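Working notes, structure below.
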Amino acid sequence: MNILIVDDEPRHLRGMAGMIQSMRPEAKVSTAKDGAVALAMVKENLPDVVLSDIQMPNLDGLAFLQLLKEEGLQTKVVMVSAYNLFEYAQTAIRHGAYDYLLKPVDIEKVETLLQRLEEQFAAEAKERGESAELKQKLELASPAYRSRLLHQWLIGELPSDQGAELEEWPLLQEVNVLLLTDIRRLEAEEAIPPQLMEELSGKLRSFAEKFGQACVFPLQTMQQGDRLVTALKLGQLSDLSAAELAAGLRDCISSWQLLHGKVVHGMAVRTIHEGIPDLYQRAETALHYAFHDEWQGVVAAEEIAAYEPKEALYKLDGELLFEALQEASFKKAEEMCQEAFKTLAAGGYTDPKLMINYAALTLIKIKSRTSGIIDPQVGSVLTETASNSIPSCSTSDELLKQLMYCLGAVHQALTDRKQGSGDVAVEQCLSWIQSHYFEDITLEMAAEQFHFNPSYFSTLIKSRTGRSFSDHLTESRIREAKVLLASGKLKIYEIAERCGYRDTKYFTRIFKRQVGLSPEAYKHTARPLTGGDSR
C-alpha cells in the first residue's frame with residue numbers, strides 16, 4: 001500500500017508516519033507538510049491512500065480534497081482533525097473523503113481503517129480481474145515488498161520458498177560480513193530522495209566489491225533517517241582489515257555526506273555457526289555506538305564486544321556546576337560539562353543511552369536548583385529539552401550542543417538577575433561564608449557585616465539563591481569535610497572542629513544527612529585507610 005501523510009505539524013507528521021510504518025512495514029509511507037505539496041505528490045505518484053490534516057497553511061485539507069475531485073485524481077482520502085465538529089466531517093464526506101479521524105489518533109481505529117482499506121483494495125483488484133500470479137509479480141517488483149522480504153531475512157523470519165524469489169538469494173545464504181549504514185539528514189523532516197539513495201548505494205556497492213561479492217539494499221526502519229544494508233561474501237575473512245574497511249568507508253562517502261547528511265556504519269563479521277539474525281543484531285549494536293564521535297562514523301561489533309566494561313564515571317557535581325553558572329563567564333561551566341561527558345564516554349565505549357540519561361538528569365537538577373530564582377520560561381526550556389530534544393540526539397556532539405544551549409540560557413538568566421545592590425550583597429555574603437565557615441558565624445553576624453536587617457537579609461538570600469543562609473553554611477562545611485576525609489590524614493573529631501563543628505556527634509549527624517554516609521564510611525569509600533584510629 002502506498003500511503004501519503006499530510007500535516008503541517010512536524011511532530012504529528014513524524015508520529016503518524018512512524019505509527020503507520022510500524023503497523024505496515026511493507027507499506028510505502030511518504031509525507032508532505034501542506035496541501036500544496038501533497039497535491040503535487042499525488043499527481044506524480046498517485047498514492048493509494050492520503051491521510052490529511054484539515055487545518056494547514058497554503059492549501060487546507062478541504063480545499064485539497066476539492067482539487068483532487070476536480071482534477072479526477074483517484075485516491076482515497078482520510079481527513080484527520082483535532083476538531084470534533086459534525087460540520088467538518090459532513091463537509092469532508094460531501095467532498096469525497098473516504099473517512100474522518102480525530103486527533104489524537106487512536107491506534108486501534110487506525111488498524112481498523114487500514115484493514116478496511118486493504119479489504120477494499122483486494123476487492124477492487126479482484127473486480128479488475130487481476131490474477132494471483134500477476135499480483136505476486138507486481139508485488140515483487142515493488143521496493144516496499146522487497147524491503148519486507150529482506151527485513152524478514154535479517155530477523156530470521158523469511159520462509160525459504162519466498163527467499164528464492166530474490167535475485168540475491170544465492171549470495172544472501174553465504175554472507176559473512178554485514179554492514180548497516182544509517183543516513184541522518186541535515187533537515188530531519190525531509191526524506192532521502194530516491195536518486196540520492198541510489199547514489200549512496202552505488203558508492204557502497206563499488207567499495208564492498210573490492211573485498212568480495214556484495215549487494216546493497218534499502219531497509220525501512222523506525223529509527224532516525226534511512227538505512228542501507230550491505231551484505232558481503234568474502235573469500236577469505238582473514239583478508240579483511242577492520243581499520244582498512246573503516247578508513248575506506250569514511251573516504252568513499254565523505255563528499256556525499258557533506259551535502260546530504262551524516263552517514264554512520266555498524267559492521268559485524270559472521271562467526272562459525274552464527275545465524276543471520278545474530279549477525280544483524282551485532283551489527284545494529286555496533287551502529288548504536290556510532291553515536292560517539294570518537295568512532296568517526298564506523299564501528300566494528302568485534303571492537304565493542306572485546307571491550308571490558310567498567311563502571312561509568314560521571315564527575316559533574318550539580319552544586320559546583322550551579323556555582324560555575326553564576327560566574328561572569330560561561331567558560332568554566334562549559335569546560336566542566338565537556339570534561340565530565342568526555343570522561344563518561346570512555347573513548348566511545350559507554351552505552352549512548354547512559355550519556356543521554358545523564359545529560360537529561362543534569363538539566364533536571366539545574367532546573368530544580370534554579371527554581372524560583374530564574375524566569376520560569378527558562379525552566380520550561382530545560383524540561384522540554386531533557387524530555388524530548390536530548391533523547392532524540394543521534395550523536396554525542398549534538399547532545400553536548402543541546403546541553404550547552406540550555407546551560408547557556410541558565411547562565412544568562414542568572415547574570416541578568418545580578419543587577420541590584422541586594423544581588424551584590426548576597427554574592428559577597430556567599431564568599432564571606434566560604435572564608436569563615438570554620439567559625440561560629442550566624443545569620444545575624446552576616447547581616448551586620450553587610451548592613452542589612454537580619455530578617456530581610458534572610459529573605460533576600462533565599463529569594464536570590466533558592467537556599468537559606470544555614471543551607472549555604474552547611475554546604476561549605478560539608479564540602480570541606482569531604483576533602484579532609486578523602487585525604488585520610490585527620491581524625492573525625494579534628495575534621496569536625498576544622499569545619500566549624502564543636503560537637504562531633506552533631507557533625508556526624510549533619511554529614512550523614514547531607515551525604516547519605518557517615519564520615520567514617522565516606523572516609524573508607526573516598527580513600528582506603530592505611531591504618532590508625534579514624535576517630
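Rounded to the nearest Hz, the phi-derived 3J(HN,Hα) couplings of segment 38-49 under the Karplus curve 6.51 cos²θ - 1.76 cosθ + 1.60 (θ = phi - 60°) are 4, 4, 5, 5, 5, 4, 7, 10, 6, x, 5, 9, where x marks glycine and proline. In straight-distance terms, cross-link reach from Lys491 covers every one of the lysines whose alpha-carbon lies under 28 Å from its own, apart from those fewer than eight places away in the same chain; here that gives Lys315, Lys482, Lys505, Lys512, Lys523. Length gained on full extension, Ser455 to Thr383: 22.6 nm, using 0.36 nm per residue less the C-alpha separation. Taking a straight Cα-Cα cut-off under 30 Å and skipping sequence neighbours fewer than 8 places away in the same chain, the lysines within cross-link reach of Lys103 are Lys28, Lys33, Lys43, Lys69, Lys76. For segment 318-413, the number of Lys pairs with C-alpha atoms closer than 21 Å, counting only pairs eight or more positions apart or on separate chains, is 15.
Counting other beta carbons within 10 Å of each Cβ, put Asp7, Asp375 in order, fewest first. Before the final figure, lay out each step's value.
On the way: Asp7 26, Asp375 15.
So the ranking, lowest neighbour count to highest, is Asp375, Asp7.
Mind checking the full-extension length gain between Glu294 and Ala328? Use 0.36 nm per residue of separation minus the Cα-Cα distance, one decimal, nm.
Working: separation 34, 0.36 × 34 = 12.24 nm, distance 3.20 nm.
Extra length from Glu294 to Ala328 when fully extended: 9.0 nm.
When Leu102, Leu363, Leu321 are ordered from fewest to most other Cβ atoms inside 10 Å of their Cβ, what list results? Provide the component values of the computation, followed by the final result.
On the way: Leu102 16, Leu363 24, Leu321 20.
Placing the least packed residue first, the sequence is Leu102, Leu321, Leu363.
Near Leu316, no amide H atom lies under 5 Å from its own; only residues 5 or more places off or on other chains count, and H is placed 1.01 Å from N. Backbone amide hydrogens, once placed in the peptide plane, bring Leu101 within less than 5 Å of Met79, Val80, Ser81, excluding anything fewer than 5 places away on its chain. Once the Cα-Cα distance is subtracted from the 0.36 nm per residue extended length, the Gln152 to Lys462 segment shows a gain of 105.5 nm.
Among 439-448, 261-270, 206-215, 31-40, sorting by the average number of other beta carbon atoms lying within 10 angstrom of each residue, highest first, gives 261-270, 31-40, 206-215, 439-448.
Per-residue ellipticity at 222 nm computed for the chain from its helices equals -17500 deg cm²/dmol, with DSSP H segments shorter than 4 residues left out and the rest contributing -39,500 (n - 2.57). With θ taken as phi - 60° and the Karplus curve 6.51 cos²θ - 1.76 cosθ + 1.60 applied, the whole-hertz 3J(HN,Hα) list for segment 146-159 is 4, 4, 5, 4, 5, 5, 4, 5, 5, 9, x, 10, 8, x Hz, x standing for glycine and proline.
Take each of the peptides 107-115, 385-393, 226-234, average the number of other beta-carbon atoms within 10 Å over its residues, and list them starting from the highest. Intermediate results must be reported in sequence, preceding the final value.
Working: 107-115: 13.3, 385-393: 17.6, 226-234: 21.0.
In descending order of packing, they fall as 226-234, 385-393, 107-115.
Phi angles of segment 291-299 translate, via the Karplus equation with coefficients 6.51, -1.76, 1.60 and θ = phi - 60°, into HN-Hα couplings of 3, 6, 5, 4, 7, 6, x, 10, 10 Hz per residue; Gly and Pro are given as x.
What GluC sites (Glu not before Pro) in segment 1-99 are in a loop by DSSP, with at most 15 other Cβ atoms within 10 Å of the Cβ?
Details: sites: Glu26, Glu44, Glu70, Glu71, Glu87; in loops: Glu26, Glu71.
Filter output for segment 1-99: Glu71.
What chymotrypsin sites (Phe, Trp or Tyr not before Pro) in segment 34-120 are in a loop by DSSP, with at most 16 other Cβ atoms within 10 Å of the Cβ?
Tyr83
Here Arg513 and Ser392 are evaluated by their C-beta separation; at R0 = 35 Å the FRET efficiency comes out at 0.35. Loop-resident GluC sites (Glu not before Pro) (DSSP state other than H, G, I, E or B) in segment 322-358 with no more than 13 further Cβ atoms inside 10 Å of their Cβ: Glu327.
Averaging the Cα positions of each part gives two centres, and for segment 454-490 and segment 242-310 these lie 49 Å apart.
Note on Ser470 and Arg11: their simple-model spin labels are 4.2 nm apart, each label 7 Å out from Cα toward Cβ.
Relative to the dominant Cα principal axis of the chain, helix 352-370 is inclined by about 50°.
Legend: calculated FRET efficiency, Lys126 to Glu209, from the Cβ-Cβ distance at R0 = 45 Å, rounded to 0.05, equals 0.55.
Protection proxy ranking, highest mean first, for peptides 279-287, 472-480: 279-287, 472-480, where packing is the per-residue count of other beta-carbon atoms within 10 Å, averaged.
Read-outs: derived from the displayed coordinates by stated rules, not from any lab. None of these values were measured; they are calculated from a predicted model. Glycine gets a Cβ as well: all are built from the backbone with ideal geometry, and neighbour counts include every protein chain shown.
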